[in-house]
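S.K.: Dropping a structure here in structure tokens format, bear with me for questions.
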Ligand SMILES: *Cc1c(COP(=O)(O)O)cnc(C)c1O
């Protein structure tokens, strides 16, 4: 860890003398704050984003977390919100008005596409999806009314990557605001603001909190953009994070670099097993040399997380479901980034009432590697293959 990272995680935003020299960050569980005088009140009201007036605005525990979040992403400032979906929505909405046009990489996180496909069109805002690895296609999608370029690199299923520096350059050249979802890589492994991106958002529910017990999001950007978002989208839509959740996130964040290091090592061990086992026909992972965008991944990420997408030689949907049922340590769940390893088998998404089958093969499963021992997890894969009758 760098000296700076040490100070961000263990000192930034903390001021122990203000709370009885308590070591742990205090949970200031108060919706409201008092003033000693009318003159103090007036002073606070002139800068609601940095004063403590009311909990929908700025709470001291949440403020401590925002300072750490901004420092991690090397941006001037950050706003914490109630979910990653809220972070993306506020970031995009802050940069558009009726009649504007958004450019977004194809197949982003499902609720990012819901925002762009279902919600914003109500206000006359249109979207073009582009192939994120085709810079010409991205630049050709820019129209006179385009204002935003939305990236997600890597995404959380196929790990498709964009050339972040080149995309930031295109955005700047055409006066677009560039926004990236950096949830997968975390600021430990990828720092998009330093590569020219304007707004970095996170699902803090994933690695940053890292303990599967909080849903939260973060928006990191310049002083100017964060102030704009604070006084417009944030105060009007009201997605404030609770002080107790903020304290949990600060606690989770302290171990972020240690967890990411461990998760990366275990992911490597599991990938080595998968690639040597004929029951897996393919394995996707950005830092695997066979990954189609391996060189690009290496050029802009300093490490890689614990999501692995593998194709398994199951004979049919039922057998894939039996495999997932038989796993004991890879638990069946959506989401990722917590201490427990998970599997999301695509086969489980087939045959749902009232929903079309996915356009991804039922042989595919996404694994999220947690903090358990690699050997223990590999044994689990072996016994579940045997139980489901999937043979070498
Ligand atoms: C989970 C996720 C989100 C949404 O975050 P929530 O905290 O669940 O709202 C956004 N982007 C990516 C890549 C995610 O995995």
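Read-outs throughout are calculated quantities, based only on the coordinates presented, and are distinct from any laboratory measurement. Fair warning: this is a prediction, and the values are worked out from it, not measured in the lab. Backbone-built Cβ (ideal geometry, glycine too); neighbour counts: all protein chains shown.
S.K.: Classify segment 340-392 from the C-alpha gyration tensor, please: rounded if a/c falls under 1.5, else prolate or oblate depending on whether a/b exceeds b/c. Walk me through the numbers before you get to the answer.
M.R.: Working: a/c = 3.06, a/b = 1.68, b/c = 1.82.
Oblate, since a/c reaches 1.5 and b/c is not below a/b.
S.K.: Based on the mean of other Cβ atoms within 10 Å per residue, sort peptides 292-299, 74-81 so the most packed one is first. Write out the running numbers ahead of the final one.
M.R.: Values: 292-299: 15.4, 74-81: 23.5.
In decreasing order of mean packing, 292-299, 74-81 become 74-81, 292-299.
S.K.: Classify segment 219-377 from the C-alpha gyration tensor, please: rounded if a/c falls under 1.5, else prolate or oblate depending on whether a/b exceeds b/c.
M.R.: Prolate is the answer for segment 219-377, as a/c is 1.5 or above and a/b outweighs b/c.
S.K.: Rounded to the nearest 0.05, what FRET efficiency do residue 135 and residue 290 give with R0 = 25 Å and r taken as the Cβ-Cβ distance? Could you check? Present the calculation step by step, with values, prior to reporting the outcome.
M.R.: Details: r = 23 Å, r/R0 = 0.94.
The formula returns an efficiency of 0.60 here.
S.K.: Between residue 23 and residue 169, how many nm apart are label points set 7 Å from Cα along the C-beta direction?
M.R.: It works out to 4.9 nm between the two label points.
S.K.: Also: Which order do the peptides 86-99, 177-190 take when ranked by the mean count of other beta-carbon atoms within 10 Å per residue, highest first? Mind showing how you got there, number by number?
M.R.: Working: 86-99: 21.4, 177-190: 25.4.
Packing proxy ranking, top to bottom: 177-190, 86-99.
S.K.: As a check on your grasp of the helix formula, calculate [θ] at 222 nm for the chain: sum -39500 (n - 2.57) over DSSP H runs of n ≥ 4, divide by the residue count, round to the nearest 500. Intermediate values should be presented prior to the final figure.
M.R.: Numbers: 14 runs with 135 residues, N = 392.
The helix-only estimate for the chain comes to -10000 deg cm²/dmol at 222 nm.
S.K.: Next question, about the same structure. Run the numbers for residue 371 and residue 353: contour at 0.36 nm per residue of separation, minus the present Cα-Cα distance, in nm. Walk me through the numbers before you get to the answer.
M.R.: Numbers: separation 18, 0.36 × 18 = 6.48 nm, distance 3.48 nm.
Additional length available on full extension: 3.0 nm.
S.K.: Express in nm, to one decimal, how much length is gained between residue 387 and residue 211 on full extension, taking 0.36 nm for each residue of separation and deducting their alpha carbon distance.
M.R.: Values: separation 176, 0.36 × 176 = 63.36 nm, distance 2.99 nm.
Result: 60.4 nm gained on full extension.
S.K.: Run the numbers on the chain and let me know its relative contact order in percent, using alpha-carbon pairs under 8 Å that are six or more apart. Numbers along the way, then the final one.
M.R.: Numbers: 745 pairs, mean separation 60.3, N = 392.
Once divided by the residue count of the chain, the mean separation gives 15 percent.
S.K.: Starting from the Cα of residue 126, step 7 Å along the direction of its Cβ; do the same at residue 298; then give the gap between the two resulting points in nm.
M.R.: Roughly 4.2 nm, to one decimal.
S.K.: Testing the spin-label approximation: label points 7 Å from Cα along Cα→Cβ at residue 244 and residue 38. State their distance in nm.
M.R.: Using points 7 Å along Cα→Cβ, the separation is 3.9 nm.
S.K.: Mind jotting down the distance between the C-alpha centroids of segment 1-57 and segment 323-392, whole Å?
M.R.: Segment 323-392 and segment 1-57 have Cα centres separated by 43 Å.
S.K.: Percent of Cα-Cα pairs more than 40 Å apart in the chain, please.
M.R.: Of all Cα-Cα distances in the chain, 18 percent exceed 40 Å.
S.K.: Another one. Normalising by the residue count of segment 1-83, find the relative contact order in percent from Cα pairs under 8 Å and 6+ residues apart. Mind showing how you got there, number by number?
M.R.: On the way: 64 pairs, mean separation 24.2, N = 83.
RCO, segment 1-83: 29 percent.
S.K.: In whole Å, how far is the Cα centre of segment 122-180 from that of segment 72-90?
M.R.: What the calculation gives is 19 Å, centre to centre.
S.K.: Using Cα pairs under 8 angstrom and six or more residues apart, how large is the relative contact order of segment 12-158, in percent?
M.R.: Details: 154 pairs, mean separation 26.9, N = 147.
Reported relative contact order: 18 percent.
S.K.: Any idea what angle helix 164-173 forms with the longest principal axis of the chain, computed on alpha-carbon atoms, 0 to 90 degrees, nearest 10?
M.R.: Roughly 50 degrees, rounded to the nearest 10.
S.K.: On C-alpha positions alone, give me the angle between the axis of helix 256-275 and the longest principal axis of the chain, in degrees, nearest 10.
M.R.: Roughly 20 degrees, rounded to the nearest 10.
S.K.: Separate question: Assuming a ≥ b ≥ c are the square roots of the Cα gyration tensor eigenvalues, decide whether segment 303-392 counts as rounded (a/c under 1.5), prolate (otherwise, with a/b larger than b/c) or oblate. All intermediate terms of the calculation are to be shown ahead of the outcome.
M.R.: Values: a/c = 1.95, a/b = 1.25, b/c = 1.56.
Oblate, because a/c is 1.5 or more while a/b does not exceed b/c.
S.K.: Expressed as an acute angle from 0 to 90° and rounded to the nearest 10, what is the orientation of the C-alpha long axis of helix 60-72 relative to the principal long axis of the chain?
M.R.: Approximately 60 degrees, to the nearest ten.
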